[in-house]
Each structure stands twice: as structure tokens, then as C-alpha cells.
Amino acid sequence: MNSYLAYFTALLLIIMGIYAVIFKRNLIKIVIGVSLMESGVNLFLVALGYRQGGIAPIYTMAPRGHQMVLPTPQALTLTSIVIGLATTALMLTLSILLYKHYKTLDPTKIRGLMK
Amino acid sequence: MNIIDHAPALLVAIPLFTAFLYQFIYYITHKNIRYLATVALGINWILGISMAFHVFSSGPISYVFGASSPGLSLPSGYHFPIRIIFEADGMSAFMALIGTTVSFVGALYSESFAKRYSELSKYFSLLLLLTAGLLGMVLTGDLFNFFVFFEITSLASVTLAAYRTYRKESVEAGFKYMLISTVSSLLILVAVGILYGEYGALNIAKVASMIQYTLLDKVALALFVTSLAMKAGSVPMHFWTPDTYGEAPAPITAMLVSASQASLYGLFRVVFTLYGLKISTLTVGWIIIILGVLSMFIGVTMAIIQKDIKRLMAYHAISQTGYMLLGVGVGLATFGTDAFLKYGFTAMKGGIYHIINHAFYKGLLFLTAGAIFYRTKTRNLNEMGGLAHTMKYTTIFFMIGAAAIAGLPPFNGFASKLLIYESVFKFNPVLSIIAMMVSILTLASFVKVFYSAFLGPKRIKDGKEFKEVPPNMVIAMGILALLIVIFGIFPGFVINNIVEPTARALSSPLLYISTILGKM
Amino acid sequence: MKTLVTGFGLWNPLVWIVAFIVIYIGIKFLESHGREDIERDGDIVLPFTSGNYMDEEALRIRASNVYWGFVEAMKGYYNTLTKIHTGIMSDYVYWYIGVLVVIIILIGVGK
């Protein structure tokens, strides 16, 4: 049961993120929702590579007989965090610009394209 | 050492390097270098063509980063590809051919079109990043890298769509696109994670060779299919398409069409190669067919009522994507049965032929819309008219593009649609009839555009006539128009030498797998 | 090289091009036999405007009014579609997630 806890948490985070994106009426909260999803996905990736009692996957000076956690998911997570940073920053930038133009952060009012 | 062996890596590396070079030069000299992007993408174009024809004639090539020779995916003693691998089989090379062509044309067009934008060097850097992203998406042989390039493409296209930040609509379109593409790419990453957790590999060929089609695999497949179909702009997840296509600068819109098709490539790659050995072809095939038919019909009917020229064309992009989904979907639904050889393969050929045709004529149409906007400063069809008097080249190019998209013979759109109609009719006559009806409605709405924008009395704004656009833009449009005419007059040549190898590569997952893993 | 074999038939664009040229020559031939004293801009439009002299701008149909009848006939369909396309970004994601759930169920249930 314990070993599945991380997956449940990841799923919960992703669903919370999606909920925020769909039902929150504020751009900043939507961006937070996307961030939550990112954290959920990152947690999922790291949890994939976790092994009970594993040590860091560095061969230099590693003690013998211990199993290691998988290095690939950690590399993936790092990349994903960097990409997440870029997307969050860009979304916040666009939110600021939208606020300047529309004087509101409510997505139901930001409908200039519909005319 | 042959340059073609390195082509898969170079195709991504050249735009990526030039993108940073632009910023570097700007940082030092504070001057915008003109034509640097065009030259770099021109080299890329030549490389793309030569790689494509090499692959079509002599089979897939792979590029292994860091290996002692480019094609060495399994060093002695390894049973497992551990390095980052790019793989160009027929389908990838075909998409790279499209991507390099359209990006070169887009850059050439931008040299004049984007001249009045501030921060020109950033514009071109982003354009090059978009090119690198979409070429990376089609060339990579690795699931995680696919996600990375997917994100690069999204970020670059969002920034370019929202480039005119002084317009509130542009920023809004950018944010909408950003939101939905970020959510979808995160779910793609979940799917990649699921596959990694199950099979411990990220290489597409390796995962494809082990795929079991368990429940988790099915969930991952659904995540892939939905996300990539959404990015390709299929109904009912198409709402971002008219917004973003409408608001992005015209050359960028032409490239966004190719970026969407890179997502379409991802979809086809996932269903045919990654899951190709075990997929339940009928279920997934019908899902793709239904998405395709919905896209075709709703896209074209919504296009008829639009009055913004670029939104109208964006709805047509949705509708034309439907044809590709329909053609390849029929190919998938019949995959592995006798019917595949009888008509399924022809439907796939039609769908794939339509991809390249669509990239060219839709690109051309968006460029002509940009040319109209460049002179008239409006996108509203109600306020246009009489442009044929003064903008002769644009008019001719628009006519070529409109005739091609409506499937009028002898242009290329007709050739691919003919293949789709005939083969889909064997599969299910109703689908074929819908496809023909959509084609008629397409013609109807382009007649409307042609009538409102080009015909009628000459108009004068601020005491000036609307002159023809600068030569860069005319040449850029001319290249695409020429390709359309060639593809229309020599359909047999194109089918035999370009489309057939592509369809064969897409429909043979074992070939893709054995390129990396050797004979199994 | 020019012929497209579809597996059910074939199509050669060259035939079409020849046909276009023949039709074009035919039109020019007919035109050359027409009367030369008719002004192209003047009275020739009168039958279409019920005999009224009208400004050329006034004769133009605005883009929104082209296919008015078609749009009017399909009003119910268009009202539904434009109502669905709200332009609210949350709804875009809502549709995406909705389709995702449907496709997960379809693929999951499918053999």
C-alpha cells in the first residue's frame, strides 16, 4: 500500500490541477493549477524510479551490495522542471499583459476574440 | 563520412544554433542581421530534401548521439539502446521535407512582413526555435525527447502568436494556446512515464518491440491520441485553432500549420509504430475516423460564416486535417487485414499525400492573407474589395491556393482527395459522400473570399492604391505556388517517389524497430 | 509520371489542361463573333438591377451576406455551434478533458 502512496498523491495533484484550470475564475489560480499538474507529473516520474532502500545512482565510491534508484526518471524530472519553469514564467507574463489590456483576470471576461 | 548520415541531427542543430547566434550578434552589435535566418533555413531545406530522397530510396537512417559512428545504435555487448537516438524513416523524412520547406518560405516571407515589428532579432530567433522544435518532433526516436520538442514548439509558437503584445487579442490567443498545450503536454508526459514504468525504456523502437497493450498501455494510448489530436486541431478540441491561427503573424500561421502536422505525425507514429504490433486497429481506427469526419464537417461549416479572413482559413485548416485523419484512420481500421491491401493502403496514401498538399496550399493561403493584411491593414472581409486590380501576383497565388484546397483539378488537392474518396468509398460510402460534400463547401467559402477580397471596384485608402507586396513576399508565395502546380501536374511521380515510401514506412512498424534493434 | 493510378481508376492532369485550353479557345472564338458595340461597363448591367442605374459600391454584397440563405436555413445548427464556442479558456480545457475521458473509456472497453 505504502509503495502506491506516491502514485495516489501524484494523481491527486494532477486532478487538483485540472480542477483548478477548469473551474477557477482567475488567471493566477489557473497558472497555479498548471503548476500543480506539473508537480504531480514530476512526482509521478520520480516515484517511478524509486526503489525501497535505494541509494543515489552514482557509481564512484558507491557502497557494494546496495541497489540504486533509477537515474533516468531523475534526469527526466530535472528536464521537466526546467520546462515547467519556462511555461509558468511565460504564462505569468501573458497574464500580466492580459491584465493590462482587459483590467481583469477573470477568464470569462477575457473574450476579446469573440467580439 | 557522408553528410546525409548526420542530416537528422543537423536539421535540428542548424536552426537551434542560428537562433542563439542571432541573439549573440544582436547582443554584441545591437543590429539586426537580415537574411541570416533565411540563409540558415535555406541550407536546412536543401539538407531536408536530400535526406528525404536518400531515405525514400535506400531505407531509414538513424543518428545516435555520442556514438563512434552515426548509425551505431547498439555498441557490441548491448541489447538495449541507451543513447539519445534520432531516427528518420520514410514518415519522418517526409515530415522533415514539409517542415524545412515551409519554415524556409516563412522566414523569407518574414524578411519583409515582419520588418515593422520591434525586436526583429527576437522574432527570428523564435521562428528558428519553432523550426527546431517541429523538426525535432518528427525526427526524434525517443519518447521523452518528443515531449521536449513538443514543448519547444509550443513555447515558441505561443510567444510568436502573442508577439504583437500591443494587441489584446494576440495576447489572449497566446494565453489560450499556452494553457491548452501545456495541459496536453503534461498529460503526454504522464503517458511517457506510464510506458517507462512498464517497459523501462524511452526509445520508441524499444518500447514498440515490447508493447503488450495492457490496461495501462491503453490509458497511455488514450492520453497520446487525445493530446496529439488536440494539437492537430481536431474537433471538438479545435477551439484554440481559429484564435491562434487568426492572431499569429501570417508567416507564423503558415508554420503553425506545419507544427500542427508534426503533432499529427506524432499521432500516426504512436498508433502505427509505438502500438503498431498490438493495437486494436478497429477501435482506434474508428476513433480517428470519427474525429476526422467531425473535423471535416464542423470545420468547413463554421468557416462559411466567418468574416475574418484568417479565422476563415483557420477553420479550413481544421477541416482539411479531417481529411488526413479520415484517410489514415481508414488505413488503421483496416490495418493487418486483406482490406488493407485492397483499399486501406490507398486511403493512407491519400491521407499522407494530403498532408504535404495541405502544408503547401494552406501555407500559401495564409501567406496571401498576410499579403492582404500587409497592404489593407484589415482582416475583415466586409471592408475589402477590388484588390485584383493592383495586387496581381497575390491574386494569382490566392486562386492557385483556393483551387487546390477546394480540390479542383488539375491542382494537387484534387489528386489527394481523389485517392481518399475512392478508397474510403470502398470502406464506407457515407464517409466518402461527407468528404465530397465538405469539398464543395470548401469551394463555396473560398469563392466568398475571392469575391469579397479581390473582385469589385478598385478601392482607395488614404489617397493610395494598394500596391503589390514586396518581392520577398512574392517569391515566398511563388515557391509554394510552384510546388502546388508541380504536385498537381505530376501526381504519379509524387505518389511513386514520395508518398508511397512514406506510407510503406508508416505501415511497417517492424522496419522502424529493426533499424534500431537490428533484425528480431 | 503524370498519371495518377488510384487502384480503382486513373487520372491524368494533362487531359484536363488540354481540355481547359480547348474550352478557352472556344470561349475566345465565341467572343470574337459577338457584337462589338456593347459597352462592358454601361447598360450591360441593367437587366441585373431591374433597370436602375446604381452605384457600383451599392451593387456589392458584403461578405457577411454572401450565402445568407444557406446560413439562415441552418440557423439552429449554427446557433448551437456558436454557443459551444464560448471563447472562455477554461471551456477549451474542459472539452479536451471531456474528450480524453471518452477516448479512455472507448479504448479501454475496445478489444
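Numbers for the structure displayed
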| item | result |
| --- | --- |
| Whichever residue in the range C:64-106 is more than 7 Å from every other protein chain (Cβ to nearest Cβ) and more than 29 Å from the chain's Cα centre (by Cα) and, among such residues, is farthest from B:Asp243 (Cα to Cα) | C:Ile105 |
| Residues of the range A:30-64 that turn out to be over 10 Å from the mean Cα position of the chain (by Cα) and either hydrophobic (A, V, I, L, M, F, W, C) or modelled with pLDDT of 95 or more (or both), as a count | 11 |
| Verdict on A:Ala20 being under 30 Å from B:Glu172 (Cβ atoms) and within 8 Å of chain B (Cβ to nearest Cβ) | no |
| Residue within the range B:63-86 that is part of a helix (DSSP H, G or I) and either among the hydroxyl-bearing types (Ser, Thr, Tyr) or out of contact with any Gly (no Cβ under 7 Å at 6 or more places or on another chain) (or both) present | no |
| Residue identified as farther than 24 Å from B:Ile288 by Cβ and either surrounded by fewer than 19 Cβ atoms within 10 Å (Cβ to Cβ) or touching a residue at least 24 places away in the same chain (Cβ under 8 Å) (or both) among C:Lys111, C:Lys75 | C:Lys75 |
| Criterion (in contact with a Ser or Thr (Cβ under 9 Å, 6 or more places away or on another chain) and either in a helix (DSSP H, G or I) or surrounded by 24 or more Cβ atoms within 10 Å (Cβ to Cβ) (or both)) met by exactly one of B:Val293, B:Val271, B:Val207, B:Val284 | B:Val271 |
| Top-ranked residue of the range B:210-229 - restricted to ones that are buried (at least 24 other Cβ atoms within 10 Å of the Cβ) and among the hydroxyl-bearing types (Ser, Thr, Tyr), ranked as farthest from the other protein chains (Cβ to nearest Cβ) | B:Ser227 |
| Any hit, the range C:30-45, residues being polar (S, T, N, Q), at pLDDT 75 or above and not in a loop (DSSP other than H, G, I, E, B) | yes |
| Qualifying residue in the range B:32-44 (condition: farther than 14 Å from B:Leu127 by Cβ and under 23 Å from the mean Cα position of the chain (by Cα)) | yes |
| Selected residue (criterion: farthest from the other protein chains (Cβ to nearest Cβ)) from residues of the range B:410-428 that are among the aromatic types (Phe, Trp, Tyr) and crowded, with 19+ Cβ neighbours inside 10 Å | B:Phe427 |
| Residue in the range B:279-289 that is touching a helix residue (DSSP H, G or I) at 6+ places or on another chain (Cβ under 8 Å) and within 22 Å of B:Asn357 (Cβ to Cβ) present | yes |
| Answer residue from the range B:182-200, given it is facing chain A (nearest Cβ under 9 Å) and of a type in the set (Gly, Ala, Ser) and is surrounded by the fewest Cβ atoms within 10 Å (Cβ to Cβ) among those | B:Gly200 |
| Index of the failed condition, B:Met313 passing every other in (1) without any contact (Cβ under 8 Å) to a residue 24 or more places away in the chain; (2) closer than 29 Å to B:Lys467 by Cα | (1) |
| Residue match in the range B:348-370 (condition: among the hydrophobic types (A, V, I, L, M, F, W, C), touching a His at 6+ places or on another chain (Cβ under 9 Å) and either surrounded by fewer than 21 Cβ atoms within 10 Å (Cβ to Cβ) or without any contact (Cβ under 8 Å) to a residue 60 or more places away in the chain (or both)) | yes |
| From the options A:Ile81, A:Ile30, residue that is of a type in the set (A, V, I, L, M, F, W, C) and facing another protein chain (nearest Cβ under 8 Å) | A:Ile30 |
| From the options A:Leu12, A:Leu90, A:Leu36, residue that is away from chain B (no Cβ under 13 Å) and either part of a helix (DSSP H, G or I) or surrounded by 13 or more Cβ atoms within 10 Å (Cβ to Cβ) (or both) | A:Leu12 |
| Pick from the range B:230-251, criterion at the interface with chain C (Cβ under 8 Å from one of its Cβ atoms) and part of a helix (DSSP H, G or I), ranking: nearest to B:Leu120 (Cα to Cα) | B:Asp243 |
| Residues located in the range B:483-513, provided they are surrounded by fewer than 19 Cβ atoms within 10 Å (Cβ to Cβ) and of a type in the set (Gly, Ala, Ser) | B:Gly492, B:Ser508 |
| Those residues of the range B:429-482 which are surrounded by fewer than 17 Cβ atoms within 10 Å (Cβ to Cβ), of a type in the set (Val, Ile, Thr) and farther than 24 Å from B:Met391 by Cα, in sequence order | B:Val430, B:Ile433, B:Ile440 |
| Qualifying residues in the range C:1-15 (those that are part of a loop (DSSP other than H, G, I, E, B) and at the interface with chain B (Cβ under 8 Å from one of its Cβ atoms)) - the one modelled with the lowest pLDDT | C:Met1 |
| Cβ-Cβ under 7 Å pairs, at least 6 apart or on other chains, the range B:147-174 side at the interface with chain A (Cβ under 10 Å from one of its Cβ atoms), far side outside any helix (DSSP H, G or I) and among the polar types (S, T, N, Q) | B:Val171/B:Thr165 |
| Elements of type helices (runs of 4 or more DSSP H) contained in the range B:463-514, each with 2 or more residues being of a type in the set (Gly, Ala, Ser) | B:471-489, B:500-506 |
| Which listed residue, of B:Ile28, B:Ile82, is of a type in the set (Val, Ile, Thr), without any contact (Cβ under 8 Å) to a residue 60 or more places away in the chain and under 19 Å from B:Lys122 (Cα atoms) | B:Ile28 |
| Selected residue (criterion: farthest from B:Lys349 (Cα to Cα)) from residues of the range C:16-36 that are more than 9 Å from chain B (Cβ to nearest Cβ) and aliphatic (A, V, I, L, M) | C:Leu30 |
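The values are calculated or read from the model by the stated rules, or taken from the named source; none is laboratory data. Fair warning: this is a prediction, and the values are worked out from it, not measured in the lab. Note that we place each Cβ from the backbone using ideal geometry, even for glycine, and neighbour counts take in every protein chain shown.
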